[in-house]
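Right, one structure below, let's go through it.
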Amino acid sequence: MDTFIQQVINGLVLGSLYSLIALGYTMVYGILNLINFAHGDVLMVGALTALTVILFLMANFPELPGWLLLILGTAVAIPVCIAVSLVIERVAYRPLRNAPRLAPLITAIGVSIVLQTLAMLIWGRNYMTFPELLPTDPIVIGGATITVTKLLVIALSALIMIGLMLLVNRSRLGRAMRATAENPRVAGLMGVNPNYVIALTFAIGAALAAVAGVMIAASYSVAHFHMGFMPGLKAFTAAVLGGIGNIPGAMIGGLLLGLIEALGAGYIGQLTGGVLGSHYQDVFAFIVLCAVLIFRPSGLLGERVADRA
Amino acid sequence: MQLFFPQLKDNPAAAIIAAFVVGAVLIALPFVVGQFGNAWVRALAFAALYVMLALGLNVVVGYAGLLDLGYIAFYAVGAYMYALLASPHLTDNFPALAAMFPDGFHNPIWLVIPLGAGLAALFGILLGAPVLKLRGDYLAIVTLGFGEIIRIFLVNLNEPYNITNGPQGITLIDPVTIAGVSFARPLDLGFVTLPSVYLYYYLFLVLAIASLIVCIRLQNSRLGRAWMAIREDDVAAKAMGINVRNVKLLAFALGATFGGVAGAMFSAFQGFVSPESFSLMESIIVLAMVVLGGLGHIPGVILGAVLLAVFPEVLRHTVVPVQEALFGTVIVEAEVLRMLIYGLALVAIMLYRPKGLWPAPEHGVGAGPRPAAG
């Protein structure tokens, strides 16, 4: 039972992170029908920027408390990520908006490689330790333990997602976003500037990715240039699981995928009699992805059928 | 030949002469390039191998329009299959097998090449079957996931039964042996001695040309036309009576075949395989070759493959010395710079030349109906 609770907690932490990243995919997809392949790398840029800021502050102002460092690091990472994301949108996606579907996907892969290589040049190819900024004493809940950082991940993700729901469903801007997603041309006729809305969508996605990147680095105490790849892929899976283009879907999909992975990794050893171990954790996401795409391509909450002729 | 130079179409004699000239150049090439060191010949051999890979991926991406980001998995399947069937690894780890084959596993390439092709095709169908209903961008992610799964298994299948030897990979793989001639030793022909690399270059060249012929024949076949119809509009293709599912599966299977054979050859050439060689980056490099050269256009794909395969070698010989001269040390490694340039090239090509460096001629412009064979 202890394992179960522990894995559920781990799953929630993981799932909250996936949800945050999945939102970036799903919002862009909802409007442009484009998989923003470089999204995972934006996350990596965020984490490494924050790390640099934090290390700089720690060296120069050692008296600053940990939580303030974390906030300052994130505060720098968010605008950097937004800038990176806007440049990507402007340079690599906007000119190809009416091109065949394959074209923006290929530029997205190119952008992803460029970002990773540049990060490797700037920050080196080694794993970097992300300092422990928050108290590391474990909190015990029903036989399972959780750190303050991880508790913060869950709470903050929930807050951000509520805020985003309010933004999209209640504000004027959110209405413009939904209108553009429905039909960019008609939205344009109704006085919405689609380019502005699309850029804004990328910016929001990037800000969420920056927060997620810092939280990933903080909760696993490590950052490097390739760290965005796997979370990006998993978050995409989460977005598909929930129904791509659907914002609540991305949240639910992320949490569900996190739980599946954590429980799967926790129990695969027992289930297979020790033949397969927890290092097969990454395989679960892909099995889920394939299963969803085969049996319910529109995802759990998606209403649109995947194939549009 | 006409495929490469459309102006030769009405002049068969010139086409035959051109074929002989190109053939002679390809045969003489290692001797010219070899003057600058065997590393260059090695790069050429790899170029031929990549031509095979790129032609295979071109069947899937270029003809059928299915973006496959896990193509390298088939390469890995071929490579590991050869490694297991031609190295002491399995007999060392499984005493039962050692008892059955007291001399160890040593299989001739006549067995291994068809096996590699078949196994890769099987994997192609395994991957293709569940994902066929998906639209392009979903497909890309699923194939990417598939490539990663294969790699995860290669890394982890060293326990409880040691099949792939994990991250260390498999060593002591037999070199190719044809008619008693081992490719690992220089071959003395009497008038000239061919080093091992040269032999592999010729072998890969023959295989690449064979792939080229297969591809041209496929392109001009009923199946090839069906692929292109699906690529342009699969609903319309279906209405024309094409069995979209089967034809897509065939694209996956046939594309994978090339990868499997190339993989088997890679592992014989290297004498060593490890999961590191089959990362996502490799898939993307092969994709870059196809896209850079010209999606769906065979000469373009070959150009792309040769350019990108020889490029790292060129880079290594220019970037490192230049930096050492300028800064005293190497600041940007050639490998890193290569990835940066590939990434930028993918973006730039899509933005400015979406049909590639050597695009297919437009229909109805310059040429009438294509000849049956190139």
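The values are calculated or read from the model by the stated rules, or taken from the named source; none is laboratory data. Everything quoted here is computed from the prediction, not taken from an experiment. Using ideal geometry, Cβ is built from the backbone for each residue, glycine included, and neighbour counts are taken over all protein chains shown.
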(request) Looking only at the range A:226-236, decide whether some residue is among the small types (Gly, Ala, Ser) and within 15 Å of A:Ser19 (Cβ to Cβ). (result) yes
(message) All but one of (1) surrounded by fewer than 24 Cβ atoms within 10 Å (Cβ to Cβ); (2) in a helix (DSSP H, G or I) hold for A:His226; state the number of the condition that does not hold.
(response) (2)
(message) Could you go through the range A:144-153 and let me know if any residue there is more than 14 Å from chain B (Cβ to nearest Cβ), under 30 Å from A:Leu69 (Cα atoms), of a type outside the set (A, V, I, L, M, F, W, C) and in contact with a Pro (Cβ under 8 Å, 6 or more places away or on another chain).
(response) yes
(message) Going residue by residue through the range A:112-126, is there one that turns out to be charged (D, E, K, R) and more than 19 Å from A:Asn195 (Cα to Cα)?
(response) yes
(request) State all residues of the range B:135-144 that are of a type outside the set (S, T, N, Q), in a helix (DSSP H, G or I) and either more than 8 Å from every other protein chain (Cβ to nearest Cβ) or within 17 Å of B:Ala251 (Cβ to Cβ) (or both); if no residue qualifies, say none. (result) B:Gly136, B:Tyr138, B:Leu139, B:Ala140, B:Val142
(message) Show me the helices (runs of 4 or more DSSP H) entirely contained within the range B:230-332 in which 2 or more residues are under 13 Å from the mean Cα position of the chain (by Cα).
(response) B:244-270, B:280-293, B:298-327
(request) Would you check which residues across the range A:17-46 are over 11 Å from A:Ala235 (Cβ atoms), within 12 Å of the chain's Cα centre (by Cα) and more than 14 Å from chain B (Cβ to nearest Cβ) and list them? (result) A:Met27, A:Val42, A:Met44, A:Gly46
(request) Scan the range A:248-265 residue by residue and report those that are hydrophobic (A, V, I, L, M, F, W, C) and at pLDDT 85 or above. (result) A:Ala250, A:Met251, A:Ile252, A:Leu255, A:Leu256, A:Leu257, A:Leu259, A:Ile260, A:Ala262, A:Leu263
(request) Kindly indicate which of B:Val322, B:Val314, B:Val332, B:Val291 is more than 30 Å from B:Gly65 (Cα to Cα) and at the interface with chain A (Cβ under 10 Å from one of its Cβ atoms). (result) B:Val332
(message) Go through the range B:145-174 and report how many residues are under 24 Å from the mean Cα position of the chain (by Cα), surrounded by fewer than 17 Cβ atoms within 10 Å (Cβ to Cβ) and in a loop (DSSP other than H, G, I, E, B).
(response) 2
(request) Please state which one of A:Leu12, A:Leu51, A:Leu34, A:Leu20 is buried (at least 17 other Cβ atoms within 10 Å of the Cβ), out of contact with any Asp or Glu (no Cβ under 6 Å at 6 or more places or on another chain) and outside any helix (DSSP H, G or I). (result) A:Leu34
(request) Take the range B:336-359 and flag every residue that is free of Cβ contacts under 8 Å to residues at least 12 places away in the same chain, within 15 Å of B:Val301 (Cα to Cα) and more than 7 Å from every other protein chain (Cβ to nearest Cβ). (result) B:Arg353
(request) Determine if the range B:294-304 includes at least one residue that is within 22 Å of B:Met81 (Cα to Cα) and modelled with pLDDT under 90. (result) no
(request) Could you grab me the full set of residues in the range A:84-143 that are more than 8 Å from chain B (Cβ to nearest Cβ), of a type in the set (A, V, I, L, M, F, W, C), out of contact with any His (no Cβ under 9 Å at 6 or more places or on another chain) and more than 17 Å from B:Gly343 (Cα to Cα)? (result) A:Leu86, A:Phe130, A:Leu133, A:Leu134, A:Ile139, A:Val140, A:Ile141
(message) Let me confirm something: among B:Gly271, B:Gly263, which residue is within 19 Å of B:Phe204 (Cα to Cα) and crowded, with 19+ Cβ neighbours inside 10 Å?
(response) B:Gly263
